Amino acid sequence: MNFVTPDLCDENPELVRIVEPMFNNYGGKRCFGGEIVTVKCHEDNSIVKENVAKPGKGKVMVVDGGGSKRCALLGDMLAAKAAENNWEGIIIYGCIRDIDEINETDLGVQALATIPLKSHRQGRGDLNVEVSFGGVTFTPGEYVYADNNGVIVSSSALKIKKAP
C-alpha cells in the first residue's frame, strides 16, 4: 500500500475525518491503512497481546490507551507477532517501547511517545467498541490511513491510486 494522506484528503474531502496531530510515526511501514479493529484499555495491554496473535491482513488496530504516558502498550515482541500475523499497523493513543526494534519491524506503528516501562497485564480492556480521541471517533469496520503527514478515518475504504 502506497499513498500520502494529503492526496487522500484532496481526492475524498467529503469522506475523510482528520485526527488532530499528536502521533509520531514508528515501525517499518511508513504508510499504512486498513479496516479498523479497536481496543480500549488503560495501562493494560492484555487485549492488544491477544489480538496481535490473530490474523490481521488488511486491518489496523486502533488502541485507546487514554493517552497515558506512564507505561507502554506495545513492545518489540508484540509488534513482531503483529507483523507475523500480517497486521497492517497499530495506532496507539498511548506509548510504546523497544523503539529501535519496532523501527525494523514490517508493521506501521503510530503512538504518542516512547517509554521503557511495560504495562501491567490484568486482563482488562474492551475489543471492538467505538473509541474517540484526537477529535475523531473510530468505529470498528471503518477505515484508517496513516503516514508521516497524519491520520485520517473514513467510513468506507478509499481508493488508492497507483503511482505512475
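The values are calculated or read from the model by the stated rules, or taken from the named source; none is laboratory data. The structure presented is a predicted model; accordingly, all values stated were derived computationally and were not measured. Because the Cβ atoms are built from the backbone with ideal geometry, glycine has one as well, and the counts that use them run over all protein chains shown. With ligands, DNA and RNA removed, areas are computed over all heavy atoms of the protein, side chains included. Shrake-Rupley method; radii C 1.70, N 1.55, O 1.52, S 1.80 Å.
Per-residue extension of 0.36 nm, minus the Cα-Cα distance of Leu127 and Glu50, leaves a gain of 26.7 nm for this segment.
Farthest toward the positive end of the dipole of the chain, out of Cys31, Ala53, Ile92, is the Cα of Ala53, where the dipole comes from beta carbon charges about the Cα centre. A Gaussian network model of the chain, with springs between Cα atoms under 10 Å, assigns the largest mean-square fluctuation among Glu43, Glu35, Glu130 to Glu130. What you get for the stretch 1-54, charging only the Cβ of Lys and Arg (+1) and of Asp and Glu (-1), is a dipole of about 300 debye around the Cα centre. For Lys118, the aspartates and glutamates whose Cα falls under 20 Å of its own Cα, not counting residues fewer than eight places away in the same chain, are Glu43, Asp44, Glu50, Asp64, Asp76, Asp98, Asp100, Glu101, Glu104, Asp126. With unit charges on the beta carbon (Lys/Arg positive, Asp/Glu negative), name the residue among Ile160, His120, Val144 whose Cα is farthest towards the positive pole of the charge dipole of the stretch 106-163. Looking along the dipole axis, the top candidate is Ile160. Residues in the stretch 32-54, backbone N under 11 Å from the label point at Glu84 (7 Å along the Cα-to-beta-carbon vector): list them, ranges by number please. Within reach of a label on Glu84: 53-54. Ratio of Rg to Rh for the stretch 37-164: 0.95 [Cα atoms; Kirkwood radius as inverse mean 1/r over pairs].
For the chain, the fraction of 1.4 Å probe accessible surface lying on carbon and sulfur atoms is 48 percent.
Most simply put, the chain has about 50% antiparallel DSSP beta bridges, counting only bridges with both residues inside it.
With protein chains left intact and a 1.4 Å probe, residues in the chain average 49 Å² of accessible area per residue.
Each Lys and Arg contributes +1 and each Asp and Glu -1, all at the Cβ; summed about the Cα centre of the stretch 1-134, the dipole is approximately 520 debye.
Specify the inter-centroid distance of the stretch 38-93 and the stretch 122-164, based on alpha-carbon positions, in whole Å. After rounding, the separation between the Cα centres reads 13 Å. Only helical runs count toward this figure. For the chain, summing -39,500 (n - 2.57) over DSSP H runs of n ≥ 4 and dividing by all residues gives -4500 deg cm²/dmol at 222 nm. Ser156 contributes about 50 Å² of solvent-accessible surface, heavy atoms of the protein only, 1.4 Å probe.
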